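*Asks:* I have a structure here, written as structure tokens, and I will follow up with some questions on it.
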Amino acid sequence: MQFPLSSREMPFGVRSPPTPFNVLIMYEDFGTGKRAKKGLDYVAEELGNDFEFRHSMWRLDILQDPKLNALAAPPLAEADLLIVSLRGDGQIPAKIRALIDEQLAQTVNHQCALMAVFESAASATRSSVYTCLADLAWRHGLDFFEQALSDAEDHEESSLKLIWVF
């Protein structure tokens, strides 16, 4: 006699489908966008096959337009991970900082993490971008990660460091 499987039981040898993992990437230009995508690939490699990564990428100058800014708000509110990639000497535009702050306050996912991707570890912690993002993470109770990636193709120097912000 065969019994029907409940919705929670999986037949032996069958894997459950991967859990969706939503990522929103905000970047400054082609180089920083490429670096952010490399950072996402690194995170995906570290977390393995248990997650189905779904990502969207938004260039900061495009987000200056109020209509496009409004289109980025829902994915930001649903993000499990927000990746921000800027040049170390740049600053986060006020409109973008306000968008991030507002959406994190209304976020659907309270387990969201914020990751800053920088070109080098030395310039990262001294930049105004780092300070701004660390402050946003602290105010919203998020884990804050920094990742220093070079534009070189080798991944030997890649590292992800969790920064506890209190």
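*Asks:* Quote the FRET efficiency, to the nearest 0.05, computed for E78 versus D29 with a Förster distance R0 of 25 Å and r equal to the Cβ-Cβ distance.
*Replies:* Once the sixth-power term is evaluated, E becomes 0.45.
*Asks:* Then there's this: Ordered by packing density, taken as the mean number of other Cβ atoms within 10 Å over each peptide's residues, highest first, how do 131-138, 95-102 rank?
*Replies:* 131-138, 95-102
*Asks:* Right, something else. Quick one: net charge around Y27, please, counting Lys, Arg +1 and Asp, Glu -1 for every other residue with C-beta under 9 Å from its C-beta.
*Replies:* Around Y27, the charge tally is +2.
*Asks:* In whole Hz, what ³J(HN,Hα) sequence does the stretch 33-46 give by Karplus (6.51, -1.76, 1.60; θ = phi - 60°), x for Gly and Pro?
*Replies:* Once rounded to whole Hz, the list reads x, 5, 5, 5, 5, 5, x, 4, 4, 5, 4, 4, 5, 5.
*Asks:* Give me the number: length gained by fully extending A105 to D41, i.e. 0.36 nm times residue separation minus the C-alpha to C-alpha distance, one decimal in nm.
*Replies:* 20.3 nm
*Asks:* Can you give me the accessible area per residue for the stretch 9-86, using a 1.4 Å probe, in Å²?
*Replies:* With all protein chains present, the stretch 9-86 gives 55 Å² per residue.
*Asks:* Could you give the length gained by full extension between R87 and A70, i.e. 0.36 nm per residue of separation minus their alpha carbon distance, to one decimal place? Spell out each step's value before the answer.
*Replies:* Numbers: separation 17, 0.36 × 17 = 6.12 nm, distance 2.44 nm.
3.7 nm is the gain from fully extending R87 to A70.
The values are calculated or read from the model by the stated rules, or taken from the named source; none is laboratory data. Only a predicted model underlies this, so the values are computations on that prediction, with no experimental measurement involved. Ideal geometry is used to build each Cβ from the backbone, glycine not excepted, and the neighbour counts take in all protein chains shown. Side chains included, ligands, DNA and RNA excluded: accessible areas come from the protein's heavy atoms. Shrake-Rupley method; radii C 1.70, N 1.55, O 1.52, S 1.80 Å.
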